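Trainee: One structure follows; several queries about it will come next.
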Amino acid sequence: MATLVRRTASRLVGSCFKNSFPVNPSLDQSCYALGSLRYLTPSISRDNPFTTSARKRASSTDSLLRVIETEIGFAEQADDYDRVEETPSGFRFKMEEKPGTKIVTLTRDYQGESVVVEVHMTNLVTGDKGDDEEESDEEEEEEHEDKPEKPKQSNVPLLVTLSKKTGPSLEFRCTAFPDKIVIKDMWFTFPDDPSKDELAYEGPSFRVLDEKLRTAFHRYNEIRGIAPSMINFLHEYMINKDSKEHLLWLKTLKNFVKC
């Protein structure tokens, strides 16, 4: 009798448990389907060119190209980028210019001497005060003796080399203004033995030489064609060259960014 009562109680408890927590067959199938989708979802490759970072890079490149193309348009509209300066009468030098460089080389012979002049880009003085000139009065007074006075006019830097058939060459570093050529320094070089250049005594500063000696050297160069009469032509020529080189640089920059 006791055994029968226990069996009946066990069946009753099991039936109550199932009724309290019913199992929904459709829910089982939905959970199974969601679990399966986890394995079907495609992953995004990091090498995909259409990712956000790739789109940002493409956008920044396009923006830069548009700015460069605008600058090229401004440069092409300038009056001096393709202007050709006529060589003045009496100009005794042969000119050699290479695109992509910042100098023009003038050469000539004078009574058996070789005269070579490297003409560098024009230093334009516009009257605007640069950031590097904003110094206090005390700093200017302290450095006044150590630094040369800054030019107040546009000028053309020149490097003049006078060579004979044998022996050393004499070089002059000059600054050419519209109305005069100023010698800054002079020294010897040794084309036959360049190792001597490092140890050679360069002589005193040109500024401390006797005034008569300085005047004689200016005359010495003028006879060889380094005269103020050529400066206006060189000034305009180098301004035009600067414009052409700027345009060439912009186009090279565009091709680099575009590739």
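Values quoted throughout were computed directly from the atomic coordinates according to the rules given, and no laboratory measurement underlies them. Just so it is clear, the structure is predicted and the values come from calculations on it, not from any experiment. Virtual Cβ from ideal backbone geometry, glycine too; neighbours counted across all protein chains shown.
Trainee: Output the direction-averaged projected area (hull surface divided by four) of the convex hull of the alpha-carbon atoms of the stretch 185-235, in nm².
Mentor: Quarter of the Cα hull surface area: 5.1 nm².
Trainee: Compute the signed sum of charges (Lys and Arg +1, Asp and Glu -1) over the other residues within less than 12 Å, Cβ to Cβ, of Thr252.
Mentor: +2
Trainee: A further question on this structure: Take the cross-link list Lys164/Lys184; Lys152/Lys180; Lys164/Lys196; Lys98/Lys241; Lys180/Lys212; Lys98/Lys254 and give me the ones stretching past 19 Å between alpha-carbons.
Mentor: Checking Cα-Cα distances, Lys164/Lys184; Lys98/Lys254 exceed 19 Å.
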